[in-house]
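This is the structure, below, for whatever I ask next.
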Amino acid sequence: MNRVVVGYDGSDFSMQALDWAMDEAEYRKLPLTVAHAWQWPYGEADDEAKAHLRKAAEHVLWHGAECARSTSSVVDVETDLFEGSAARRLVSLSDGAALVVVGSRGLSTLPRAVMGSVAEYVAAHAGCPVIVVRGPGPLPAPTRPGPVVVVDREPSEAVLEFAFDEAAIRQLAVVAAGDLAAWRAGHPDVEVKAAPDPGRPATLMVVGRGENGHLGGAETVLQHAPCPVAVLGSHPARA
């Protein structure tokens, strides 16, 4: 079943991801799955200690789901609690998803070893498009939102499809290089530009990734983009 999946751990960064995921679920009229993973980090432990940690994880997940139910018009909000790797669980959930949304603390400010390892892993391995939302706190609501920007000079069909679909549902322009006559014809309500307007930074950047679990050029975009980034593999975008 197509759905929007969001990784949520209660941090400010995951709150941004939840905000974006709620919008996506509303725009696409899809169910939202709020996912949280936990694991005991200290080696061997008795059942009581692990039970306390699981209870805390349940509370975190409940909070995220309640935020979605009380502040959005998403009709169907589901939860997924998993004991183990958050990154691997999100990749597993991506196989039944239209989109996965993850938060990141801002990759360019940290050494590679800690630069949003969950976001990086999910973006490289997911079976559906992934949007990485960077930074803490609530998402700003610009009065003049900028375009959806296609980063690749020779974008794949999947990248273009996703970019035009996002622009259509958000009523934004697309900025992309090259001859896009066919895409203009298929999306007559989407304005296509060769460059962003000054003073109106991108709302979303869209980029293709490498093959076999490698981000390729998408890694640089994730490190330095000033806005959320959608990363797509060779899989088709799903509505």
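The values are calculated or read from the model by the stated rules, or taken from the named source; none is laboratory data. Being a predicted model, the structure only gives us computed values, none of them experimental. Cβ atoms come from the backbone with ideal geometry, glycine included; neighbour counts cover every protein chain shown. Each accessible area value is taken on the protein alone, full model and side chains, heavy atoms only, with ligands, DNA and RNA left out. Shrake-Rupley method; radii C 1.70, N 1.55, O 1.52, S 1.80 Å.
Answer yes or no as to whether Gly186 is open to solvent by less than 60 Å² (accessible area, probe 1.4 Å), more than 12 Å from Gly146 (Cβ to Cβ) and in contact with a Gly (Cβ under 7 Å, 6 or more places away or on another chain).
Against the criterion (open to solvent by less than 60 Å² (accessible area, probe 1.4 Å), more than 12 Å from Gly146 (Cβ to Cβ) and in contact with a Gly (Cβ under 7 Å, 6 or more places away or on another chain)), Gly186 does not qualify.
Also: Considering only residues that are in contact with a helix residue (DSSP H, G or I) (Cβ under 8 Å, 6 or more places away or on another chain) and at pLDDT below 85, which ones fall in the range 38-64?
Trp40
Now for a different question. Do you know which residues across the range 25-80 are free of Cβ contacts under 8 Å to residues at least 12 places away in the same chain, open to solvent by 100 Å² or more (accessible area, probe 1.4 Å) and either of a type in the set (D, E, K, R) or within 23 Å of Val118 (Cα to Cα) (or both)?
The answer is Lys29, Tyr42, Glu44, Asp47, Glu48, Lys55, His59, Arg69.
Can you tell me which residues in the range 71-106 are on the phi > 0 side of the Ramachandran plot and either within 20 Å of the chain's Cα centre (by Cα) or at pLDDT 95 or above (or both)?
Gly106
If you don't mind, there's one more thing I want to ask. Is it true that some residue in the range 207-214 is touching a Leu at 6+ places or on another chain (Cβ under 9 Å), open to solvent by less than 80 Å² (accessible area, probe 1.4 Å), modelled with pLDDT of 90 or more and closer than 20 Å to Val4 by Cβ?
Within the range 207-214 (the criterion being touching a Leu at 6+ places or on another chain (Cβ under 9 Å), open to solvent by less than 80 Å² (accessible area, probe 1.4 Å), modelled with pLDDT of 90 or more and closer than 20 Å to Val4 by Cβ), the answer is yes, since at least one residue qualifies.
Any chance you could count how many residues in the range 134-157 are more than 22 Å from Pro198 (Cβ to Cβ), at pLDDT 85 or above and outside any loop (DSSP other than H, G, I, E, B)?
1
Please find, within the range 24-70, the residue that is nearest to Ala87 (Cα to Cα) out of those that are acidic (Asp, Glu) and more than 16 Å from the chain's Cα centre (by Cα).
Residue satisfying both the conditions and the ranking: Glu58.
Conditions (1) hydrophobic (A, V, I, L, M, F, W, C); (2) part of a helix (DSSP H, G or I); (3) in contact with a Lys or Arg (Cβ under 9 Å, 6 or more places away or on another chain); (4) over 22 Å from Asp95 (Cα atoms), marked per residue:
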position	(1), (2), (3), (4)
Val159	yes, yes, no, no
Arg184	no, yes, no, yes
Pro196	no, no, no, yes
Gly199	no, no, yes, yes
Glu211	no, no, no, no
Cys227	yes, no, yes, yes
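A further question on this structure: Would you point out which residue out of Gly199, Gly186 is at pLDDT below 85, of a type outside the set (Asp, Glu) and farther than 19 Å from Trp20 by Cα?
Gly199
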